[in-house]
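Reading through the structure tokens given below for one structure.
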Amino acid sequence: PPSLVQAASDADATVAALTEKRSAIQAGNFRDRHYQLGTILLAVGIPMALEGPVNTYMRAGKLFPGPHVYAGVGVASLWAIAAALVPEMQKGKEWARTAHIGVNAVTFGLFAYYQIPTGLEIAAKVIEKTKFP
């Protein structure tokens, strides 16, 4: 039947177009770039997550638990979870990819809605209370 031949031809054309698009994406090395940027994020972010409370304790002699600290612990923990999913993603596990994306979306939300605003408030207080020469 001509309709089946046409449907098969359309499906072949779609597969060919998707294969070409996939080849173009693979040539861009986006996976490698993403991995490199994630490594840099971990290499800078985790020490900063540790430095913040240490700096506060050294300056003030105590810690101030609140949204900034809790969100920071959450962000650092979620980074570790996202990184731990990489080996499973490399094995082709779709659930790991979905979890990686979800974990990073939550991390972005915590950072954008808690870390940045509360960090700016803390920085303003520190500047306000600092006696400059």
**Prompt:** So which residues in region 86-133 are surrounded by 10 or more Cβ atoms within 10 Å (Cβ to Cβ), among the acidic types (D, E) and within 20 Å of P67 (Cβ to Cβ)?
**Reply:** E121
**Item:** Check on L78, closer than 30 Å to R31 by Cβ, modelled with pLDDT of 95 or more and not hydroxyl-bearing (S, T, Y)
**Value:** yes
**Request:** Working only within region 5-31, note down all residues that are surrounded by fewer than 10 Cβ atoms within 10 Å (Cβ to Cβ) and within 16 Å of I101 (Cα to Cα).
**Result:** none
**Message:** Cβ-Cβ distance below 9 Å, separation of 6 or more or different chains: which pairs start in region 45-64 with a residue that is over 14 Å from Q115 (Cβ atoms) and end on one that is open to solvent by 100 Å² or more (accessible area, probe 1.4 Å)?
**Reply:** T56/K62; T56/F64; L63/Y57
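The values are calculated or read from the model by the stated rules, or taken from the named source; none is laboratory data. This structure is a prediction, so every number in the text was calculated from the model and none was measured. Using ideal geometry, Cβ is built from the backbone for each residue, glycine included, and neighbour counts are taken over all protein chains shown. Keep in mind that these areas ignore ligands, DNA and RNA; they rest on the heavy atoms of the full protein, side chains included. Shrake-Rupley method; radii C 1.70, N 1.55, O 1.52, S 1.80 Å.
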